[in-house]
Amino acid sequence: MNIQNIIFILPAYIANAMPVFIGGEIPLDKLLKIKLFGNNKTLLGLLSAFSSGVISAYILSFYSPYNFYLSFTIGLISTIGAIFGDLFGSVIKRKLGKKEGTEFWLDNILFIFFAMLFVNFYYNTFEPDLFLLILLITFFIHKYANVIAHKIGLKKVPW
């Protein structure tokens, strides 16, 4: 793994984590008048994910070995992919009949899977072995970060 890959995926991690810190009151389902994502996906969570991903992509682009525009664009795409993956995971959970807040193993990796997939459509940077390594590392990072977030009171459940 090199600095380029870290710069390209770090905004996805930040975007995925920020809603835990920010929270939110207005569920997207209520706003859109549909039952698709569940009450844990909120407008404020979505906005905080997007804005934190964009800001981190902007800052990290200054440290990239590539030009600023390319790095920022890839960080932005990574952010959008992470948000899409997280929302898509919620849809899958609803379609499988899982209750809100239940543990679902795809929650640990779907956001980064889609972040890397979206980036690969734009800029083919992840080799298959690196892709799998990042998924594996992410699974454990996400799992333990959620346990810590639960212990310090940021999450109701440890997953």
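Which one of these does MET1 not meet: (1) open to solvent by 50 Å² or more (accessible area, probe 1.4 Å); (2) of a type outside the set (Phe, Trp, Tyr); (3) closer than 24 Å to VAL119 by Cβ; (4) modelled with pLDDT of 90 or more?
Condition not satisfied by MET1: (4).
If you take just the helices (runs of 4 or more DSSP H) that sit entirely in segment 4-118, which of them hold at least 3 residues that are under 21 Å from ILE134 (Cβ atoms)?
Working: elements: 28-32, 43-61, 68-95.
Of the helices (runs of 4 or more DSSP H) lying wholly inside segment 4-118, those with at least 3 residues that are under 21 Å from ILE134 (Cβ atoms) span 43-61, 68-95.
Is it true that some residue in segment 119-126 is hydrophobic (A, V, I, L, M, F, W, C) and in a helix (DSSP H, G or I)? Give the steps one after another, and end with the answer.
Initial filter on segment 119-126 (hydrophobic (A, V, I, L, M, F, W, C)): 119, 121, 126.
From what is left, the residues that are in a helix (DSSP H, G or I) are 119, 121.
Checked segment 119-126: at least one residue is hydrophobic (A, V, I, L, M, F, W, C) and in a helix (DSSP H, G or I).
Here are ALA49, ALA82, ALA15: which of them is of a type in the set (A, V, I, L, M, F, W, C), at pLDDT 95 or above, touching an Asp or Glu at 6+ places or on another chain (Cβ under 9 Å) and under 19 Å from ILE137 (Cα atoms)?
Of ALA49, ALA82, ALA15, the one residue that is of a type in the set (A, V, I, L, M, F, W, C), at pLDDT 95 or above, touching an Asp or Glu at 6+ places or on another chain (Cβ under 9 Å) and under 19 Å from ILE137 (Cα atoms) is ALA15.
Mind listing whichever residues of segment 11-28 are open to solvent by less than 30 Å² (accessible area, probe 1.4 Å), touching a residue at least 60 places away in the same chain (Cβ under 8 Å) and aliphatic (A, V, I, L, M)?
Those that are open to solvent by less than 30 Å² (accessible area, probe 1.4 Å), touching a residue at least 60 places away in the same chain (Cβ under 8 Å) and aliphatic (A, V, I, L, M): ALA12, ALA15.
Results for (1) surrounded by fewer than 21 Cβ atoms within 10 Å (Cβ to Cβ); (2) in contact (Cβ under 8 Å) with a residue 12 or more places away in the chain, shown as yes or no for each residue.
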residue: ALA49; (1), (2): no, yes
residue: SER56; (1), (2): no, yes
residue: ILE59; (1), (2): yes, no
residue: PHE62; (1), (2): yes, no
residue: ASN67; (1), (2): yes, no
residue: GLY75; (1), (2): no, yes
residue: THR79; (1), (2): no, yes
residue: ALA82; (1), (2): no, yes
residue: PHE88; (1), (2): yes, yes
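Do we have any residue at all in segment 30-38 that's of a type outside the set (A, V, I, L, M, F, W, C) and without any contact (Cβ under 8 Å) to a residue 12 or more places away in the chain?
yes
The values are calculated or read from the model by the stated rules, or taken from the named source; none is laboratory data. What you see is a predicted model; the values in this text were computed from it and never measured. For neighbour counting, all protein chains shown are included, and Cβ atoms are generated from backbone atoms with ideal geometry for every residue, glycine included. Accessible surface is based on the protein model in full, side chains and every heavy atom, while ligands, DNA and RNA are left aside. Shrake-Rupley method; radii C 1.70, N 1.55, O 1.52, S 1.80 Å.
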